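In what follows, a single structure is set out as structure tokens and then discussed.
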Amino acid sequence: MILQALNNYYQRLITQDAGIALPGYSQEKISYVLLLSPEGKLVEVQSIQVQAGKKRQPRLISVPQPEKRTSGVKSNFLWDKTSYVLGVSAKEGSRTAQEHQAFKALHHELLGDSSDPGLQALLKFLDQWTPEQFQPPLFDPEMLDSNLVFRLDGQMQYLHDTPTAQAIWSQLQAGADSKEGICLVTGQRQPLARLHPAIKGVNGAQSSGASIVSFNLESFSSYGKSQGDNAPVSEQAAFAYTTVLNHLLRRDDSNHQRLLIGDASVVFWAETASAAQAKAAEALCWESLDPPSDDASETDRLHQALDAVASGRALRELDPDLEDDTRLYVLGLAPNASRLSIRFWEDCSLHSFAKRLAEHFQDLALQPQPWKTAPALWRLLHATAPSRDGKSKAEDIPPQLAGELTRAILTGSRYPRSLLNQIIMRLRADGDISGMRVALCKAVLARDLRLGVKGINEEIPMSLDKEASNPGYRLGRLFAVLESAQRGALGKQVNATIRDRYYGAASATPATVFPMLLRNTQNHLAKLRKEKGGLAVTLEKEISEIIDGLPPQFPRSLRLEDQGRFAIGYYHQSQARFAHSKGEDADTTESTEQGAQE
């Protein structure tokens, strides 16, 4: 199904003239052009790099499809890196000479009978060239190991684009020794690919590329089948799906069909009647999975689209190019040695995709809102990693969890059970009770309740709910009030609050911690009565109101779900106190003190 969808997408891009490589060719990163005279003399070395921010990057050019190199020495046709073309490399070793010799041998074999002046100039250049000639001013050490192509002086075409070179390359491709069979992708009887072209651009995979379909061990050679025979895919289909994947995975600032979520490189595309409709659908997908943090207009557009779907309106009311029944494909690829693993795959209508994203943001909704714009998936995943001074690292995100969370959002199914467990563990370990983490706790519980998961039968408050009776939620509120009493009595200079020392134990085994915390709070309240009488009265009322709704005895332990409610209750109560601390609390304290004096 995945390869079929990719093959179909390649065929559509070809008809739309989207700049995708034709069969037998590939978009590769090329940095320099060697300009040759008809006599094979090197006239000039031209840089064709493009400016990307502060750095210059290679240009993507359609060239003959590269050889799939692992440990062997194989030359590409009419282009390659400097070790093959010029016999020079920044890497030390004797292999460079072998690579250069392989480049010369291949082109003398293929171009020896050609009368094309450009191809003959290349052969003359190779015969005259020695690696010692790699010297300034024509050459610079920064050129080492970059890819090169050739052009004849006075011509605009690269050598590999000339009709003669293309004809030689076509004959070379057609003469490949391959078996025929039924292609699993097209269903037609065609020459089968023994090795599939490499897929590049997946974060963490080998820089030379990796494969989705690959067999190279004896255990895969049963019944006389080896390598590509185990999963018969035609050469045409193998070229199509790998070419379009490389197109989707290209590292380009203008590429809005690629995202990094956890360790997965995510690509997506739309199947529509026109290129404009596809672009609109893919833009909505991009904005949904990675909401812009600095573009108010795009953020408003996303909110309008999700609100429209949630209220049952058609997407075309917002944009005539958005069609509800547009097919949308989302593929997540993760590195796995020399192969690629499929983290997730989703095929759905644009309406279903938008509806599930709307449900996701609804499940996350929390008051007060801990973000200015809807959080991107990568931000949510960072909340599952260890926090150091409020910061986390991408490499600490559990890779399996990233894929499972994305799959749950795309399919509308339950969030992974491990998500709540991971968040609770992180809250207890580093004490960073951020709004993002609390929102994830709320999302897991809210979605389980909506989907009718057994054992989840209580509403999850979006904002502070003083009537909520769940012990976990009330204990979280109580813990926040006790912390407020400590801060009020000891001031901002306190090195560590009860949250830093007792949050984990209080949320897991309340009976072992809360009696001691309440005894200590009496000391804090006694000090507050002398210095801030109004605040002491307010805190005492809050403590009394919360405890009155609890069972006679503190629970010995809380289930994982109730530990999530504990975090939500703590967040709601502490944020309510924070919101009033600079205004209403001061007024309340002053009026209460005056009333006590009267």
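Here are a few things to note about the model shown:
Conditions tested, residue by residue: (1) assigned to a helix (DSSP H, G or I); (2) touching a helix residue (DSSP H, G or I) at 6+ places or on another chain (Cβ under 9 Å); (3) surrounded by fewer than 21 Cβ atoms within 10 Å (Cβ to Cβ).
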position	(1), (2), (3)
ARG447	yes, yes, no
ILE456	no, yes, yes
ALA496	no, no, yes
TYR503	yes, yes, no
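- Criterion applied to LEU535, LEU464 was being assigned to a helix (DSSP H, G or I) and either more than 26 Å from HIS360 (Cα to Cα) or among the aliphatic types (A, V, I, L, M) (or both), and the one residue passing it is LEU535.
- SER338 vs. criteria touching a strand residue (DSSP E or B) at 6+ places or on another chain (Cβ under 8 Å), open to solvent by 20 Å² or more (accessible area, probe 1.4 Å) and either within 16 Å of VAL444 (Cα to Cα) or of a type in the set (Gly, Ala, Ser) (or both): yes
- Residue match in the range 255-272 (condition: part of a helix (DSSP H, G or I), farther than 23 Å from MET1 by Cβ and open to solvent by 30 Å² or more (accessible area, probe 1.4 Å)): no
- Some residue of the range 69-86 being over 21 Å from GLU28 (Cα atoms), in contact with a Ser or Thr (Cβ under 9 Å, 6 or more places away or on another chain), at pLDDT below 95 and not small (Gly, Ala, Ser): no
- Residue count for the range 273-283, restricted to those that are over 25 Å from VAL50 (Cβ atoms) and open to solvent by 30 Å² or more (accessible area, probe 1.4 Å): 4
- The range 362-382: number of residues that are closer than 20 Å to SER463 by Cβ, buried (at least 20 other Cβ atoms within 10 Å of the Cβ), at pLDDT 90 or above and not acidic (Asp, Glu): 2
- For the range 438-463, the set of residues classified as closer than 17 Å to ALA480 by Cβ and at pLDDT 95 or above consists of VAL438, ALA439, CYS441, LYS442, listed by residue number.
- For the range 406-431, the set of residues classified as at negative phi and assigned to a loop (DSSP other than H, G, I, E, B) consists of SER413, ARG414, TYR415, PRO416, listed by residue number.
- For the range 523-543, filtering for residues that are within 30 Å of ARG426 (Cα to Cα) and open to solvent by 10 Å² or more (accessible area, probe 1.4 Å) leaves 3.
- Filter result for ALA480 (under 18 Å from GLN362 (Cα atoms) and open to solvent by less than 40 Å² (accessible area, probe 1.4 Å)): no
- Residue within the range 314-324 that is modelled with pLDDT of 90 or more, touching a Ser or Thr at 6+ places or on another chain (Cβ under 8 Å) and open to solvent by less than 30 Å² (accessible area, probe 1.4 Å) present: no
- Test: residue in the range 403-415 that is open to solvent by 50 Å² or more (accessible area, probe 1.4 Å) and modelled with pLDDT under 90: no
- In this structure, GLN11 does not satisfy being modelled with pLDDT of 95 or more and surrounded by fewer than 16 Cβ atoms within 10 Å (Cβ to Cβ).
- Counting only strands (runs of 3 or more DSSP E) that sit completely within the range 6-122, those holding 1 or more residues that are touching a strand residue (DSSP E or B) at 6+ places or on another chain (Cβ under 7 Å) and free of Cβ contacts under 8 Å to residues at least 40 places away in the same chain correspond to 42-47, 50-52, 55-57, 59-64.
- Selection status of SER62, open to solvent by 60 Å² or more (accessible area, probe 1.4 Å), hydroxyl-bearing (Ser, Thr, Tyr) and farther than 16 Å from LEU34 by Cα: no
- Only one of the numbered conditions (1) open to solvent by 20 Å² or more (accessible area, probe 1.4 Å); (2) touching a residue at least 24 places away in the same chain (Cβ under 8 Å); (3) basic (Lys, Arg) is violated by ARG519, and that is (2).
- Residues of the range 135-164 satisfying the condition of being open to solvent by less than 30 Å² (accessible area, probe 1.4 Å) and farther than 20 Å from GLU67 by Cα: PHE139, MET143, LEU152, THR162
- Looking only at the range 28-41, residues that are open to solvent by 30 Å² or more (accessible area, probe 1.4 Å) and over 16 Å from SER146 (Cβ atoms) come to 3 in all.
The values are calculated or read from the model by the stated rules, or taken from the named source; none is laboratory data. Just so it is clear, the model here is predicted, and its values are computed rather than measured. Glycine gets a Cβ as well: all are built from the backbone with ideal geometry, and neighbour counts include every protein chain shown. Note: areas computed on protein heavy atoms with side chains; ligands, DNA, RNA excluded. Shrake-Rupley method; radii C 1.70, N 1.55, O 1.52, S 1.80 Å.
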